[in-house]
Amino acid sequence: MNRDLQKDKLRSRTQAISGFYHQKGRMPSFSEVAEITGLRSKNAVYKLINQLERLRVLKRDSKGRLIAQSIAFRVKILGTVEAGFPSPAEEELADSLSLDGLLIQNPSATFLLKVSGDSMSGAGILPGDMVLVDKGEVPKSGDIVIAEVDGEWTMKYLKKRAESVLLLPANPNYQPIRPKKELKIAGVVTAVVRKYR
Amino acid sequence: MESQPLTVSSWPQAILHLDADAFFASCEQAIHPELRQRPVITGKERGIVAAASYEAKAQGVKRGMSLYEVKKVCPDAVILPSDYETYSLFSVRMFEILRRFSPDVEEYSIDEAFVDLTGLRRSFHGPYGMIARKMQETIEAELGITVSVGVSLSKVLAKIGSKHNKPHGLTLIPGTDIHIYLNNLPVEKIWGIGPNTAAFLRKFDIITALQFAKKDEGFIRNHLSKPYLEIWHELNGRSVYAVTAVSKSSYQSISKTKTFTPPSGDKAFVFAQISKNLENACIKARRHKLAASRLIIFLRTHEYRDFGVEMRLSRPSAYPADLFEKLRDGFSRIFHPLCFYRQTGVVLAGLVPDNKIQYTLFDDISKIEKMVRIYDTIDRLSDKFGKYTVHHAASLPTKLQTQHEGERGDIPKRVTNLFRGENKRQRLGLPMFHIKV
């Protein structure tokens, strides 16, 4: 019951912000959020904004001001079915994640790739596997990346050290690669999928 | 006179037009990174150039050129079969990215969009140019294709902007600068003005877009029709054509055509092709809950001569079983046994919502309802198992011959390189990189 109450609160606050956005054509400031949601402290607003940011309802820019995300479209977020009896199963399932949602963080920047080599077998990526490649992510050290090194394409661990960049295989039969001229990263591997039957 | 601005306000409203650069070829270069900076051409299955990358255009390849000619002017061109599935995925993603910036996105065609940016400067804390630049950068980073963008006060002007500097251009035309861009632009380059109107305008010494824009309203009203008056307003920075954000669900007509090689003179085969066109068009009409009140069919001979016939239906319908009689009737009127045909097509016209159908006095309602149930079931089977799980026997002979025999029969890599669980009709809705790693 407590959870439902919280959810209702979050929903009505989101609606208040959405209403403000559509009425005024801009996002509210922190103090305005406090005013329209009835929150009394800036800290409470901060927590609410954090929560909504995680749900991709809105975003903050570099200066901390709010930017509309899904709130800009008149789609009901956190939507549960309003008509009929609220079934307990429905309430619970409203928050469940699809396999797609789990594997794909950024749907408009994710590509498929069928693996042909075995240089990443130690990382559990085998020939014939499908990997999901995100072009929108910023590659970090330790990520598995799809990269073009001196004109050759490869999938390896990216290791950044102080000055140099190294591409490491996960198979003792392959040598680490140190880019001589050029390194272009096409995307970060975010998941591997293998279907057995 | 030439240096006098057409309007004094810079941004009473801001409309952006975005046009992908050599879209199909760019998509191919995005999923085949080894093809970047190389001349790439799509349209192998059609025998002509559907799209050419800028590298190919630089060597003299033009749209619509035959592939035989391409091999002469650009021997190192990479010629690929069209992969519409991938292009559509890129297109949908491109529009999704645009919607992150503004809810008012009009999907004008597969590779073109209009976006209303008016009022967004404050939520992005920057000028319109910065918003446009960000859109361009996001599309480039996430999709790996480049786009050209124009921002101005109206759709017509935004389109002039996006064409101004292609590829990868960004052109802003504020109200105070419109005259600069129109001064050197021939009048026939304006969106909506064709060669005939341009020739007509030349009789009044109107050569450039600026001369056209500077004419007074009386002249336009006296000599031209309403659409040109609208264009004239748009050129003067007064937006007439609104950006309509609704996705395309209202159709004027639905058409389905298919080309096959080699051309065929086999009546059963050609009829099967047109029957499949009809089934296809009806599936699309049913998906949009529409029904056709007119049926147009046409055949194209191997000498590119078209024969067509238009038929009025007694009751609007989107069920092939309803339309087959008319189809057969029209087909027998235009089919000549001594001709070879390379293309068939069906157009469903006079579309009305399928819940507003007026039955005629002689319709057997129970029979129609039975038919509706059958097609509902077929549509559900198709959803579950892929298109054409169940189809009419008349369409069967299409299997007599593959769609394109010989070299043109190449199919896109995405269709041959399947994952376990994918099949010929149903694949994951994500574009696929073709990189060997």
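Readers should treat all values here as calculations from the given coordinates under stated rules, not as data from a laboratory. Values in this document were obtained by computation on a predicted structure and should not be read as measured data. When we count neighbours, we look across all protein chains shown, and the Cβ atoms used for this are built from the backbone with ideal geometry, even at glycine.
Figures for the structure shown
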| read-out | value |
| --- | --- |
| The stretch B:347-437: chymotrypsin sites (Phe, Trp or Tyr not before Pro) in DSSP coil with no more than 13 other Cβ atoms inside 10 Å | B:Y359, B:F362 |
| Rounded to whole Hz, the Karplus (6.51, -1.76, 1.60) HN-Hα couplings of the stretch B:289-300, x for glycine and proline | 6, 10, 9, 9, 9, 9, 10, 10, 10, 8, 10, 10 |
| Debye, to nearest 20: dipole size of the protein assembly as shown, +1 on Lys, Arg Cβ, -1 on Asp, Glu Cβ | 480 |
| For chain B, the longest site-free run once GluC sites (Glu not before Pro) in DSSP loop states with at most 16 other Cβ atoms within 10 Å are removed | B:3-302 |
| Which listed pairs, of B:K72/B:K166; A:K135/B:K436; B:K155/B:K256; A:K160/A:K180; B:K71/B:K267; B:K44/B:K71, have C-alpha distances above 24 Å, in listed order | B:K72/B:K166; B:K155/B:K256; B:K71/B:K267 |
| Candidates B:H223, B:H404, B:H391: whichever shows maximal mean-square fluctuation once chain B is modelled as a Gaussian network with Cα springs under 10 Å | B:H223 |
| Straight-distance crosslink candidates among aspartates and glutamates, where the alpha carbon sits under 14 Å from B:K370 and sequence neighbours closer than 8 are dropped | B:D322 |
| For the stretch B:22-86, size of Cβ-based charge dipole, Lys and Arg +1, Asp and Glu -1, in debye | 300 |
| Net +/- balance of residues flanking A:D150 in space, Cβ distance below 13 Å, scoring K and R +1, D and E -1 | +1 |
| Over 23 Å (Cα to Cα) - which of B:K57/B:K189; B:K62/B:K424; A:K184/B:K134 fall in this group | B:K62/B:K424 |
| Sum of -39500 (n - 2.57) over DSSP H runs of 4+, divided by residues of chain A (222 nm, nearest 500) | -8500 deg cm²/dmol |
| CD proxy at 222 nm, helix term only [per DSSP H run n ≥ 4: -39500 (n - 2.57); per residue of chain B; nearest 500] | -11500 deg cm²/dmol |
| Under 22 Å from the Cα of A:K9 - lysines, other chains or at least 8 residues apart | A:K42, A:K47, A:K59, A:K76 |
| B:K62, A:K63 arranged by Cβ crowding within 10 Å, fewest neighbours leading | A:K63, B:K62 |
